[in-house]
Amino acid sequence: IFLKPEASQNTKVKWEAGKPVPYAALSHAFVEIEATTKRLIILEILTKLFVRIIELSPSNLLPAVYLCINRLCPDYEGLELGIGEGILLKAIAQGTGRDMKTVKKDLEAKGDLGLVAIGSRQKQPTMFKAPALTVPAVFKQLKEIAAMTGSKSQERKMGGIKKLLAASVDEEPKYIMRSLEGKLRIGLAERTVLVALAQSIVITGAKKGKRLSPEAMSEEIARGTEVLKAVFSEIPNYDMVVPALLESGIDGCRQKCKLTPGIPLKPMLAKPTKAITEVLDRFEDKAFTCEYKYDGERAQVHYFVPAGAQAGSKAQLAVFSRNSENMSLKYPDLVEQVPRCIHADVQSFVFDAEVTAWKKAEPQADGSVLAARLLPFQELSRRKRKDVKAEDITVKVKLFAFDLLYLNGQPLLHMDLAERRKLLHASFHAVPDEFDFATSQDCTTTEEIQAFLDVSVQSGCEGLMVKMLQGREATYEPSRRSLNWLKLKKDYLAGTGDSLDLVVIGGYYGKGKRTNVYGAFLLACYDADSESYQSVCKIGTGFTEEMLEAHYNTLKPLELQSKKAYYDVGEAKPDVYFESRVVWEVLTADLSLSPVYTAAKGMCDAQRGISLRFPRFLRIRDDKDPDDSTAPEQILVLIERKPCSVTGAAGFSLSC
Ligand code: ATP
């Protein structure tokens, strides 16, 4: 199975069967992973480690997996790392007896808190030796640190961090710091961890069972990997999947772990299209359907009786965002409204919908009535994210359901959209001003699509979603940006440009009227493979004075001591850098290659990155995590689509 000599046996760190896995074994694997860029080698290093853990200390597999993906629990539980730089610096200074000024200087020179921690640790006199760190102990401590809230939580967090630092040796402080920061940066993607998990389960299973030929083993690994990916897209929850894998192997896990109401699945996403003709090229003679693309916020609505509840217990309702965040406290009005649209024979469901801002019909002084209508997304974005009370609600919300993923105990993902839609319509009914189905039409010609698009835009929508309707390509594909869903936005078609979701990583001090705020900002896209933010443009347009003040108030507390090691900014030189927390949607008139910015550098041109021309601020995207911002690959697609400006011929930009 293991053929790559470069991937060492990773047996330097030994431990006894049944004992906790030493954290040194994990950090040693991290060192090896960081030293290579070859995905197969990385996969092998990790698989070997997981195999040893399964054989010696299987109960430690779950914390080891979490530490590899740098998370603490499923996304929807909302417990996150990402401790601010200030606290981490203080903890290093206090924990190692160095003064804050020197530690800050060190950070400016090294640019990496992990390296600062290693350097500081070496300078620290060791009076007595703390017991060696173990994988479960580090995981537990990180979880406790992240969960600390309330009074004196900063100090308590610092106490926890100092404890970890004091017990860490060799390269350990580096990975502990990076875990705390929220970015491990060793080039280990979550999909690789999932594949290593599948491989290690198959290998250890095969060791116990009958001997397989190398070919049969490879086939088994490939099959197991696909099965595990499918399981995980339905139930993205390692707390459930890892124990099921250990107990029952891959096929047993498939049986046990199915879409479960209460556990959000990653939503299916759409590919952008530039022209109606592209839609017809894609779907050709296949059956497809067009739906209004509502301009609101994605809402995955779950209705279920929790497992273990007493017989006769009432079903509960939960609303999850595009990022699997629980939004039930943001939309208490939705939680109250939805039960009114459910048919009596429905006991449990998961549907996919868009929550929109809605204005009820208004009687006018002259006796006429202004019809009820959709309001723009901005009306919704003023809501707090949590603890919204009745008195805080100034805008009514209406839900438009467009897909049904689970009904009365059965997952429906394998069905085609035509069947799922039929069940959706049979299980719910429209409630005026509260709930409706996405308006749809099955078009066949360019003219029909154009006409339907015009109506959708007149109704206050962003454009259309065009979806495969029947057959195997029309199943629901969780977490995939699929060609079976295309989005046709009016902005794209009008040629006003492309919109991107970018992270604010830097600020430029304002001049003139903007003296007391930031006058412009440095934006970046996120490259998941390198876990780095790549600069895309400087933006100073699209802001009112009030907006600039609000942005200043949000961003000022996020100012950093110096640039983070994983901000790949090229020649851009903002006055200050920020923690990567804020995502903005911006519109760009055009894209070009640039020697200054680094987005997608090396993909299109060896020396230059891609930058936005004349970017304009559209809105804050607080429904998106920074790591969900536009990826370099997506920016590459946008520039490749540009008509060639040099030859005038229809085709790709010459420089690409
Ligand atoms: P993406 O989700 O593709 O990364 P995004 O969040 O910026 O990008 P859009 O590009 O605007 O979203 O398009 C997809 C989104 O459109 C969906 O996530 C969903 O929230 C919304 N939407 C509105 N109407 C529909 C519909 N009928 N079917 C599917 N999605 C819809």
Next on the checklist: Tell me the residue from Ile69, Ile87, Ile53, Ile83 that is β-branched (Val, Ile, Thr), in contact with a helix residue (DSSP H, G or I) (Cβ under 7 Å, 6 or more places away or on another chain) and farther than 29 Å from Leu560 by Cα, please.
Outcome noted: Ile53
Item to check | So Thr277, is it of a type in the set (Ser, Thr, Tyr) and in contact with a strand residue (DSSP E or B) (Cβ under 6 Å, 6 or more places away or on another chain) | outcome: no
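Quick check, is Thr554 at pLDDT below 95, β-branched (Val, Ile, Thr) and surrounded by fewer than 22 Cβ atoms within 10 Å (Cβ to Cβ)?
Details: at pLDDT below 95: no; β-branched (Val, Ile, Thr): yes; surrounded by fewer than 22 Cβ atoms within 10 Å (Cβ to Cβ): yes.
Criteria not met by Thr554.
So is Val305 touching a Leu at 6+ places or on another chain (Cβ under 7 Å) and more than 16 Å from the ligand (Cβ to nearest atom) or not? Quick ask: steps written out before the conclusion?
Details: touching a Leu at 6+ places or on another chain (Cβ under 7 Å): no; more than 16 Å from the ligand (Cβ to nearest atom): yes.
Criteria not met by Val305.
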Checklist outcome for this item: Every listed condition ((1) modelled with pLDDT under 90; (2) away from the ligand (no atom under 16 Å from the Cβ); (3) surrounded by 18 or more Cβ atoms within 10 Å (Cβ to Cβ)) holds for Leu638 save (2)
Checklist entry - Scanning for something of a type in the set (Val, Ile, Thr), under 26 Å from Glu546 (Cα atoms) and within 15 Å of the ligand (Cβ to nearest atom), does the stretch 499-518 turn up at least one residue? => result yes
Next on the checklist: All but one of (1) surrounded by fewer than 21 Cβ atoms within 10 Å (Cβ to Cβ); (2) within 14 Å of the ligand (Cβ to nearest atom); (3) more than 18 Å from the chain's Cα centre (by Cα) hold for Arg282; state the number of the condition that does not hold.
Outcome noted: (2)
Next on the checklist: So for the stretch 329-346 (the condition being under 26 Å from Asp75 (Cβ atoms) and at pLDDT below 90), does at least one residue qualify?
Outcome noted: no
Checklist entry - Residue check, Ser499 against (1) under 16 Å from Ala631 (Cα atoms); (2) of a type in the set (Gly, Ala, Ser); (3) modelled with pLDDT of 95 or more; (4) part of a strand (DSSP E or B), all met but one. Which one? => result (3)
Checklist entry - For the stretch 312-320, does any single residue satisfy the condition of being modelled with pLDDT of 90 or more and within 16 Å of the ligand (Cβ to nearest atom)? => result yes
Checklist entry - Given the structure, is Ile250 in a loop (DSSP other than H, G, I, E, B) and either over 17 Å from Leu413 (Cβ atoms) or not basic (Lys, Arg) (or both)? => result no
Checklist entry - Is it true that Thr277 is hydroxyl-bearing (Ser, Thr, Tyr), in contact (Cβ under 8 Å) with a residue 40 or more places away in the chain and away from the ligand (no atom under 16 Å from the Cβ)? => result yes
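Do you know which residues across the stretch 402-448 are in a strand (DSSP E or B) and within 16 Å of the ligand (Cβ to nearest atom)?
Within the stretch 402-448, the subset in a strand (DSSP E or B) is 402-407, 410-411, 428, 431, 435-437, 440-441.
Phe402, Asp403, Leu404, Leu405, Phe428, Phe435, Asp436, Phe437, Ser440, Gln441 - these are the residues of the stretch 402-448 that are in a strand (DSSP E or B) and within 16 Å of the ligand (Cβ to nearest atom).
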Next on the checklist: What's the total number of residues in the stretch 457-478 that are away from the ligand (no atom under 11 Å from the Cβ) and either among the small types (Gly, Ala, Ser) or on the phi > 0 side of the Ramachandran plot (or both)?
Outcome noted: 4
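Of the residues Phe288, Phe232, which is more than 16 Å from the ligand (Cβ to nearest atom) and among the aromatic types (Phe, Trp, Tyr)? Can you show your working first?
Values: Phe288 fails: more than 16 Å from the ligand (Cβ to nearest atom).
Being more than 16 Å from the ligand (Cβ to nearest atom) and among the aromatic types (Phe, Trp, Tyr) holds for just one of Phe288, Phe232, which is Phe232.
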Checklist entry - Is one or more of the residues making up the stretch 95-102 polar (S, T, N, Q), on the phi < 0 side of the Ramachandran plot and crowded, with 19+ Cβ neighbours inside 10 Å? => result yes
Next on the checklist: So Arg178 passes all but one of these: (1) part of a helix (DSSP H, G or I); (2) under 30 Å from Lys110 (Cβ atoms); (3) touching a Ser or Thr at 6+ places or on another chain (Cβ under 8 Å). Which condition number does it fail?
Outcome noted: (3)
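Conditions tested, residue by residue: (1) under 28 Å from the mean Cα position of the chain (by Cα); (2) more than 18 Å from Gln300 (Cα to Cα).
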{"site": "Glu391", "(1), (2)": "no, yes"}
{"site": "Val395", "(1), (2)": "yes, yes"}
{"site": "Ala401", "(1), (2)": "yes, no"}
{"site": "Leu423", "(1), (2)": "no, no"}
{"site": "Glu434", "(1), (2)": "no, no"}
{"site": "Phe437", "(1), (2)": "yes, no"}
Next on the checklist: Consider the stretch 591-604. How many of its residues are surrounded by fewer than 16 Cβ atoms within 10 Å (Cβ to Cβ) and among the charged types (D, E, K, R)?
Outcome noted: 0
Item to check | Residue in the stretch 254-265 that is within 16 Å of the ligand (Cβ to nearest atom), at negative phi, within 21 Å of the chain's Cα centre (by Cα) and not in a helix (DSSP H, G or I) present | outcome: yes
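Buried (at least 21 other Cβ atoms within 10 Å of the Cβ), in contact (Cβ under 8 Å) with a residue 60 or more places away in the chain, acidic (Asp, Glu) and within 16 Å of the ligand (Cβ to nearest atom), is that true of Glu297? Don't jump to the end; show me each part of the working.
On the way: buried (at least 21 other Cβ atoms within 10 Å of the Cβ): yes; in contact (Cβ under 8 Å) with a residue 60 or more places away in the chain: yes; acidic (Asp, Glu): yes; within 16 Å of the ligand (Cβ to nearest atom): yes.
Criteria met by Glu297.
The values are calculated or read from the model by the stated rules, or taken from the named source; none is laboratory data. This is a predicted model, so every value here is computed, not measured. Positions of Cβ are generated from backbone atoms using ideal geometry, with glycine treated the same way; all protein chains shown enter the neighbour counts.
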